[in-house]
C-alpha cells in the first residue's frame, strides 16, 4: 500500500516524511523541540497567518528558496522567493504554519524564515550547508486526516532523555502528550494500527530530562495523509 501511495496510484493520499534535529540541548533549557532553531518551537508566533521574511546570515546567499506550509484556512501552499543575502525578502502570501524550506543551492549562511519583520521570531531555519530545514514539527492540512505509522528518536552516545510526541487540535487549546518514551541511544515505535490525527492538528516532538549538556537529538516520523470526504 505504501508504495502505491508514493507512486500516486491511490488517489487523494500522500506520504509525509518529517525529520528534525536539535544539536544542542542542555539540562537547564529542556524541554526543547526537535528543530534546528533550538528551544521550544514558537507556535504562538503563528496564531494568525503571517507574512514570512526570508533572510540569510551571509550576503552570498542569493538563490531561490521554497517555503512550504499552510495558508490562513490551513490549506497547503508554497512560495518560492529569491533571497537577497542580509536583506529580508517578504513573501507575497501569508502563512499560518511553516513546516519545510528548501534552498536551490548550497547555503553559505544560516537561512531563516521570520515573522513580523526581518528581525522577528524565527519559525523555520536552514543551517549553513544543509539546503533543507530540519524540523520535526507538522500540521495536518484542512480536509485531510493524518495516520501516524512510525516514530523514532536518537540521542548521541551514552546519553539519556525523555521523548514526547505532542499534538494540539487547534490554536488556543493546550498541547497534549500523544506518545512518550525514555531512551538511551535510539528509540523506534511502529504503530500496530496507525494513529489518526485530525485536520489542523499540530504535531511537536520534544525532548526533556537530558542526562548531559550539549545533547544532540534527531527525530523522524511518517504520516499518511488521506483526504476526508
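Annotations for the structure displayed:
- Filtered residue count, segment 81-105, keeping only those that are exposed (fewer than 13 other Cβ atoms within 10 Å of the Cβ) and within 25 Å of residue 18 (Cα to Cα): 1
- Residues located in segment 54-69, provided they are surrounded by 22 or more Cβ atoms within 10 Å (Cβ to Cβ) and within 18 Å of the chain's Cα centre (by Cα): 54, 65, 67, 69
- So residue 13, is it farther than 30 Å from residue 159 by Cα, crowded, with 16+ Cβ neighbours inside 10 Å and modelled with pLDDT under 95: yes
- One residue stands out among those in segment 140-177 that are modelled with pLDDT of 95 or more and touching a helix residue (DSSP H, G or I) at 6+ places or on another chain (Cβ under 9 Å): the one that is surrounded by the most Cβ atoms within 10 Å (Cβ to Cβ), which is 168.
- Segment 101-127: number of residues that are in contact (Cβ under 8 Å) with a residue 60 or more places away in the chain and either in a strand (DSSP E or B) or more than 13 Å from residue 53 (Cα to Cα) (or both): 10
- Of the strands (runs of 3 or more DSSP E) lying entirely inside segment 131-224, the ones with 1 or more residues being farther than 26 Å from residue 76 by Cα are found at 144-155, 160-168, 176-184, 186-197, 202-208.
- Residue check, residue 29 at pLDDT 95 or above and on the phi < 0 side of the Ramachandran plot: no
The values are calculated or read from the model by the stated rules, or taken from the named source; none is laboratory data. Since the structure is predicted, the reported quantities are computational estimates derived from the model, not experimental observations. All Cβ positions, even for glycine, are placed from backbone atoms using ideal geometry, and neighbour counts span all protein chains on display.
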